[in-house]
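> Below you will find the structure I want to go over with you.
The values are calculated or read from the model by the stated rules, or taken from the named source; none is laboratory data. Keep in mind the model is a prediction, meaning the values are calculated, not measured. Using ideal geometry, Cβ is built from the backbone for each residue, glycine included, and neighbour counts are taken over all protein chains shown.
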Amino acid sequence: MIYQPPFWQEPRKTAFESVVKEIDGDKVVLEETYFHPEEGGQPADKGTINGYQVKDVQKVDGVIVHWVEKNDLEVGEEVEGFIDEKFRYYCMRAHTGAHLVYGAGRKVMGDISYAGFDIGKEKARIDFETDTHVDNKKLLKLEELCNRVILENRPVRWKVLDREEIESSDEIAFAKEIPEGEKVRIIEVEDWDKGVCSGTHLENTIEVGRIRIEGKKKLQEGVTRIFFSVAEKALRKDYIDKKAVLRTTDILETGTRDMPKKIRALQSKLETMEKKVDELESERIEQEMENFDRYGSENFNLLVQTLSTEDVEKLSHKAKEEIGNDEIMIIINERETVSLIVGVGEDVEDISANRIIRSVSQEFGGGGGGTDRFAQGGGFNVDIDNLKEFVINLLI
Ligand SMILES: [Zn+2]
């Protein structure tokens, strides 16, 4: 006969009396316990035995073992157990919620299998084996179905069945491997989900309160994890989201439903403006490039320009285009730091753009590089006029 822990029949009982059966250090076994061990994704109950904190509850070789803080309990002693009611109730809600999400998953994703479950502090997760791509639309549908079933207040029942009965049924889900033994425990949310489960549940769906699908994560090909929160945890997140939405509608001066439309309109306006700014900046750079300071030398013409632009890429591109064969072009750009572009025309001999950048870096820090014909650098610790003077002295 399968061992049927008392919390299966009475999940709401959180105060009980029992007798210490075995003690080994901090490990305590009772004749009978209502403490749920960490099992099947449900965390261990919290609580006390004769006032001593229960730190953990695990099933060891089929026996429920309590890890109790330093105590003077003795074998044969009568004890009182108290289970943290709030935490147990949260687990009952989350566990019942998982059955609702699973049932909804079958409807939304079609052919699914159960691949794991866990109740966390803020949210729970359930893993589905499915080839269906779970997009936002499907997540919304899952949430809608779950909350509809909550409001319908369907009964939740549990019973112990013969193993054969379960193996011949294809509607029983929520556990890939049926635990060993002749008898198996089944949880059933009326006309919604039927699965093998050893956890603690509510007797109805309405007490789940609210389910919020928090998101998904693709664990591997064919396995998708769905995160969900229940009851107060879900409501608190609703509130936080609503606050953010209201703040956004205030900023956008629009209603909730028009938010996406308004944001898209702003995005498109921004793109147009960026394009315009880009064009104006191009024009400005072109104009400035017509006003180089020119210095003559026997072997080349030196052109020097100082300016300020963020669009260094455009500047560098333009410089490359404009260098005459007998010219050396120096562009000093001052933005957050001072940067330098050096171009050396094809007919100019014995002068390397790369070497000029290196000399500047040696003198003023920063860095950069390039070829003999074209190089650029930046991060120099010098002001624009002193750099100009330095480079001119270097060349003439
Ligand atoms: Zn369950």
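> The conditions are (1) under 21 Å from the mean Cα position of the chain (by Cα); (2) modelled with pLDDT under 95; (3) surrounded by fewer than 20 Cβ atoms within 10 Å (Cβ to Cβ), and Asn136 fails exactly one of them. Which is it?
Of (1) under 21 Å from the mean Cα position of the chain (by Cα); (2) modelled with pLDDT under 95; (3) surrounded by fewer than 20 Cβ atoms within 10 Å (Cβ to Cβ), only one is false for Asn136: (2).
> Among (1) in a helix (DSSP H, G or I); (2) within 21 Å of Ile328 (Cα to Cα), which single condition is Lys261 missing?
(2)
> Same structure again: So which pairs qualify, if the first residue must be in the range 89-105 and within 14 Å of Asp45 (Cβ to Cβ), the second must be small (Gly, Ala, Ser) and modelled with pLDDT of 95 or more, the Cβ gap must be under 7 Å, and the two must be at least 6 apart or on different chains?
The qualifying pairs are Ala94/Ala124.
> Farther than 23 Å from Asp118 by Cβ and part of a loop (DSSP other than H, G, I, E, B): is that true of Gln4 in this structure?
On the way: farther than 23 Å from Asp118 by Cβ: yes; part of a loop (DSSP other than H, G, I, E, B): yes.
Taking the combined requirement at face value, the residue satisfies it.
> State all residues of the range 218-239 that are surrounded by fewer than 17 Cβ atoms within 10 Å (Cβ to Cβ) and under 18 Å from Ala104 (Cβ atoms); if no residue qualifies, say none. Before you say what the answer is, go through the steps one by one.
Here is the first cut: in the range 218-239, the ones surrounded by fewer than 17 Cβ atoms within 10 Å (Cβ to Cβ) are 218-223, 232, 235-239.
Matches in the range 218-239: Val223 only.
> What pairs can you find where one residue is in the range 149-164 and free of Cβ contacts under 8 Å to residues at least 24 places away in the same chain, the other is of a type outside the set (Lys, Arg) and surrounded by fewer than 14 Cβ atoms within 10 Å (Cβ to Cβ), and their Cβ atoms are less than 6 Å apart, with a gap of 6+ or different chains?
Pairs that qualify, where the first residue is free of Cβ contacts under 8 Å to residues at least 24 places away in the same chain and the partner is of a type outside the set (Lys, Arg) and surrounded by fewer than 14 Cβ atoms within 10 Å (Cβ to Cβ), are Arg163/Glu182.
> May I pose another question? Among the residues of the range 341-358, count how many are exposed (fewer than 14 other Cβ atoms within 10 Å of the Cβ) and either in contact with a helix residue (DSSP H, G or I) (Cβ under 6 Å, 6 or more places away or on another chain) or in a helix (DSSP H, G or I) (or both). First the steps, then the outcome.
As a first pass, look at the range 341-358 and keep what is exposed (fewer than 14 other Cβ atoms within 10 Å of the Cβ): 346-347, 349-350.
In the following step, the residues that additionally are either in contact with a helix residue (DSSP H, G or I) (Cβ under 6 Å, 6 or more places away or on another chain) or in a helix (DSSP H, G or I) (or both) were identified as none.
Residues that pass the stated criteria total 0.
> Now for a separate question. So how many residues does the range 363-379 have that are surrounded by 16 or more Cβ atoms within 10 Å (Cβ to Cβ), farther than 14 Å from Ile330 by Cα and under 40 Å from the mean Cα position of the chain (by Cα)?
Result for the range 363-379: 2.
> Could you check the range 28-124 for strands (runs of 3 or more DSSP E) lying wholly inside it with 3 or more residues that are away from the ligand (no atom under 16 Å from the Cβ), over 28 Å from the mean Cα position of the chain (by Cα) and surrounded by 15 or more Cβ atoms within 10 Å (Cβ to Cβ)? Quick ask: steps written out before the conclusion?
Numbers: elements: 47-49, 52-60, 63-68, 78-83, 113-119.
In the range 28-124, 47-49, 52-60, 63-68, 78-83 are the strands (runs of 3 or more DSSP E) which contain 3 or more residues that are away from the ligand (no atom under 16 Å from the Cβ), over 28 Å from the mean Cα position of the chain (by Cα) and surrounded by 15 or more Cβ atoms within 10 Å (Cβ to Cβ).
> Would you point out which residue out of Ile206, Ile211 is within 30 Å of Gln4 (Cα to Cα), within 16 Å of the ligand (Cβ to nearest atom) and at pLDDT 95 or above?
Working: Ile206 fails: within 16 Å of the ligand (Cβ to nearest atom).
Result of the check over Ile206, Ile211: Ile211.
> Would it be correct to say that Glu283 is free of Cβ contacts under 8 Å to residues at least 12 places away in the same chain and part of a helix (DSSP H, G or I)? Walk me through it before giving the result.
On the way: free of Cβ contacts under 8 Å to residues at least 12 places away in the same chain: yes; part of a helix (DSSP H, G or I): yes.
Yes.
> Among the listed residues Lys70, Lys123, identify the single one that is farther than 17 Å from Asp193 by Cβ, out of contact with any His (no Cβ under 9 Å at 6 or more places or on another chain) and assigned by TED's automatic domain parsing to the domain that holds Asp238. Show your work before the answer.
On the way: Lys70 fails: assigned by TED's automatic domain parsing to the domain that holds Asp238.
The match here is Lys123.
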